[in-house]
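Notes for the one structure printed next.
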Amino acid sequence: MKTSKLVINFAIIFSSSISYASTDTHLDSVTLPVEQVLKSRHDDSELGYVQTGPLLSDQGNIATDNQDVTITLPTDAAFSVQIEGKVVSPGSSQTFTIPADESGNVKFGVLPKHILRDGKVKFGIAVDVKSNLDRFWETADPVVGDWVDTGEDKNYSDWSPVAGNQMANFTQTRTHYDLMTRSIQNREYEPNLDEYRDVGEHVNETQLEEATDSRYVIAASSEWTPSGDITDCSDWSPDPSSIQSGTAFEQTQTCSQDKSRTWTYTTGGDVIHEHDQLIAGEVINKRQATGSKVSAVWVRSSTLYPFDCGTLSNSSTTIKVKSLSSMPANGSSCDPSVNAKKYVHGEDAMGGNSYCTVTQAICTSQ
C-alpha cells in the first residue's frame, strides 16, 4: 500500500518541581488538534498524549488501519521519551505501528524518561498515512489474444516446378504469407481490491506467417498429329527397273514432316496450363507399281572341238570352266547384266581319239 507522509513537530516541557506536558504541534505551519493529559511522574503512566486529528492520504482519503509513526529526538534533547513501551533517546529515532481510529486520528502516550535536567524537548513525528480507501492502480500485464488468420494472404510465390516442363503427373508447391492478427488490451491492477481494469481501447497487432500450399497436377497429352509441310522426300523404292517386267509390287517413299501434340495440365478439374509440343517426324508414302525389267533365259548349245583336250587351257578362246552340274538348265531365268555366258567342258573318246566337248549356255532375252 502506498502512503503519504505527514511530519509533525511536538514539544514536551518538564521541570523538577511540577510535572506537566505541553504540546506545540504543527504540520507545514498548520496546527493539529492535540489533547493533553497530566499524570503522576512517579510511575510509568502517561503524562500526556498526542492526538493528530483526522489524517488524510494524498488521495484525500481518511487514514485507516495501522499507521507507521516515526519519532525523532534531536541530539541536544534534555531527556528521553517513552512511547508505546519503547524509549527514544536524544539523537535517535524509533518507528511505531499505531492504529488509526474510525475518524482517522492517531493517538499515543508520551512519557519523559532519563531526566537529566529540566527543559523542553522537541521531537519530530513523521506519519506514513495509509488508507484502504486509496487506490493505487499499477500497470499490469496486458490481455493478449490468440493469433487468428484474417484470411488475407500476401506475397504468393510462383508454383514450382513449372507445369510446362512436366510430362507426367506431379505435385506443385508455392509459398505465401498469412496475415495474422490478435487483440491486446492494456490494463492496470489494484492490489487493495485485487482487481484489474482496462486501460483505453484494445489494439490489434498483426504479423505475417509463412505458409506452404501444394496441389496435385494431372498431365495429359493428345495424340501426335502432322504439323506443317511435307519436305525432303526420298526416291520411290524399289525402282521398277529392278523388278521383272509386268510384275506388280509396292513402292515406298520417306519424307520429313513435323508432328505436334497438346499437353493439358489440370488440378481439381480446372485447367491451369496448356502448351503444344513439336518434334521432327517422318512420313512414309506407299504406292503400287509394275516392274519394267526385261526377262532373259539360259539357252544351251554344244560345240565339238576337234583338238586335243590338253590344249584347251591354252586356247585363246575365253572359256569359263565349270563343273557340269553348275551349268544352268535351258529356259531358267537369268540376268544378262550379271553373266551373259557360261561354259563347261568334258572329254569324250570317239574312234580312239580323245576330244574335248565344250558346252555353252547364253543368257538371251526373250
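If I filter region 30-51 for residues that are at pLDDT 90 or above and among the charged types (D, E, K, R), do I get at least one hit?
Checked region 30-51: no residue is at pLDDT 90 or above and among the charged types (D, E, K, R).
Got a number for residues in region 287-296 being aliphatic (A, V, I, L, M) and part of a strand (DSSP E or B)? Full working, then the answer.
Of all residues in region 287-296, those aliphatic (A, V, I, L, M) come to 289, 294, 296.
Going one step further and asking which of them are part of a strand (DSSP E or B), we end up with 289, 296.
Going through region 287-296 one residue at a time, the tally reaches 2.
Mind listing whichever residues of region 185-201 are loosely packed, with under 13 Cβ neighbours inside 10 Å and without any contact (Cβ under 8 Å) to a residue 60 or more places away in the chain?
193, 194, 195, 198, 200, 201
Kindly list, by first and then second residue, each pair from a residue in region 155-169 that is free of Cβ contacts under 8 Å to residues at least 12 places away in the same chain and in the same structural domain as residue 212 (by TED's automatic domain parsing) to a residue that is of a type outside the set (A, V, I, L, M) and surrounded by 10 or more Cβ atoms within 10 Å (Cβ to Cβ), limited to pairs with Cβ atoms under 8 Å and residues at least 6 apart or on different chains.
Cβ pairs passing all conditions: 161/170; 161/172.
For residues in region 328-343 being over 14 Å from residue 360 (Cα atoms) and of a type in the set (A, V, I, L, M, F, W, C), which is modelled with the highest pLDDT?
So, considering only residues that are over 14 Å from residue 360 (Cα atoms) and of a type in the set (A, V, I, L, M, F, W, C), the one modelled with the highest pLDDT is 334.
Tally the residues that are in a loop (DSSP other than H, G, I, E, B) and among the charged types (D, E, K, R), restricting the search to region 209-226.
Of the residues in region 209-226, 1 are in a loop (DSSP other than H, G, I, E, B) and among the charged types (D, E, K, R).
For every residue, the table says whether it meets (1) touching a Lys or Arg at 6+ places or on another chain (Cβ under 8 Å); (2) assigned by TED's automatic domain parsing to the domain that holds residue 162; (3) closer than 30 Å to residue 159 by Cα; (4) part of a strand (DSSP E or B).
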| position | (1), (2), (3), (4) |
| --- | --- |
| 229 | no, no, no, no |
| 235 | no, no, no, no |
| 241 | yes, no, no, no |
| 250 | yes, no, no, yes |
| 254 | no, no, no, yes |
| 264 | no, no, yes, yes |
| 276 | yes, no, yes, yes |
| 285 | no, no, no, yes |
| 301 | no, no, no, yes |
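The values are calculated or read from the model by the stated rules, or taken from the named source; none is laboratory data. Bear in mind the structure is a predicted one, so any value in this text is a computation, not a measurement. Reconstructed Cβ throughout: ideal geometry from the backbone, glycine too, with neighbour counts over all protein chains shown.
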